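As structure tokens, the structure follows; a few thoughts come after it.
The values are calculated or read from the model by the stated rules, or taken from the named source; none is laboratory data. None of these values were measured; they are calculated from a predicted model. A quick note on method: Cβ atoms are made from the backbone with ideal geometry, for glycine too, and the neighbour counts reach across all protein chains shown.
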Amino acid sequence: MESVLSDVDCLARSLSEPKAFEPIFDRHFRAVHTYLHRRAGRDLADELAAETFALAFERRASCRGTGSALPWLYGIATNLLRRSWRTERRQLRAYGRSGVDRWAAYEEEAADRVDSSSADARLASALAAMRPRERDALLLYALADLSYEEIASALEVPVGTVRTWLHRARAVGQRELAAETDASAMPLATSGADLNG
């Protein structure tokens, strides 16, 4: 019986035997695709996930990871996504305005999302207000469940930078969500007389 190779071993072996890269794809494609799908929609996720693994294969000699290749793959996916940030930002703004998640997460989550569409729309608006790198760090933490160290590895920045970005992203999120809550608590004017008191 053949032993299961670690990600590091698969990457090393794939340098001389390209077929040895297949377990990396098999182990991590769904996680990378899910992350991209939740950030940018199914169509773009399909394209970017494929491109992520194509780039990972091309750059496999540069992987510096000592454990799972997943943080490295998330870093590649995030960099590709950053190139298409305009699309993501437009989607977040549209979702924030409409409350309709047109790129809803996988089907098993659809029922859970029905009850939370108002909160999700506010969250989408808050995400759209964040700087791209801070949003990337926050979503790697929240959606990909990466540690600060793994985020630092994925984005190729020091851990202190990740801590700063997450702090700023949380502050923007809290500020934006508080502003949304304050605005929704104000009574709406139904006529000009209502505005004049």
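Collect the residues in the stretch 36-72 that are hydroxyl-bearing (Ser, Thr, Tyr), in a loop (DSSP other than H, G, I, E, B) and exposed (fewer than 15 other Cβ atoms within 10 Å of the Cβ), keeping them in residue-number order.
Residues of the stretch 36-72 hydroxyl-bearing (Ser, Thr, Tyr): 52, 62, 66, 68.
Applying the additional criterion that residues be in a loop (DSSP other than H, G, I, E, B) yields 66, 68.
If the condition is that a residue be hydroxyl-bearing (Ser, Thr, Tyr), in a loop (DSSP other than H, G, I, E, B) and exposed (fewer than 15 other Cβ atoms within 10 Å of the Cβ), then Thr66 is the only one that fits.
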- prompt: Do any residues in the stretch 20-42 that are over 16 Å from Ala137 (Cα atoms) have Cβ atoms under 6 Å from those of residues that are hydroxyl-bearing (Ser, Thr, Tyr), where the two are at least six apart or on different chains, and which pairs are they?
  reply: Ala20/Ser14; Phe21/Ser14
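Do we find that Ala124 is surrounded by 18 or more Cβ atoms within 10 Å (Cβ to Cβ), outside any helix (DSSP H, G or I) and modelled with pLDDT of 80 or more in this structure?
Values: surrounded by 18 or more Cβ atoms within 10 Å (Cβ to Cβ): yes; outside any helix (DSSP H, G or I): no; modelled with pLDDT of 80 or more: yes.
Answer is no for this residue.
Given the residues Ser3, Ser16, which is the only one that is at pLDDT 90 or above, over 21 Å from Glu150 (Cα atoms) and assigned to a loop (DSSP other than H, G, I, E, B)? Working first, answer last.
Numbers: Ser3 fails: at pLDDT 90 or above.
Of Ser3, Ser16, the one residue that is at pLDDT 90 or above, over 21 Å from Glu150 (Cα atoms) and assigned to a loop (DSSP other than H, G, I, E, B) is Ser16.
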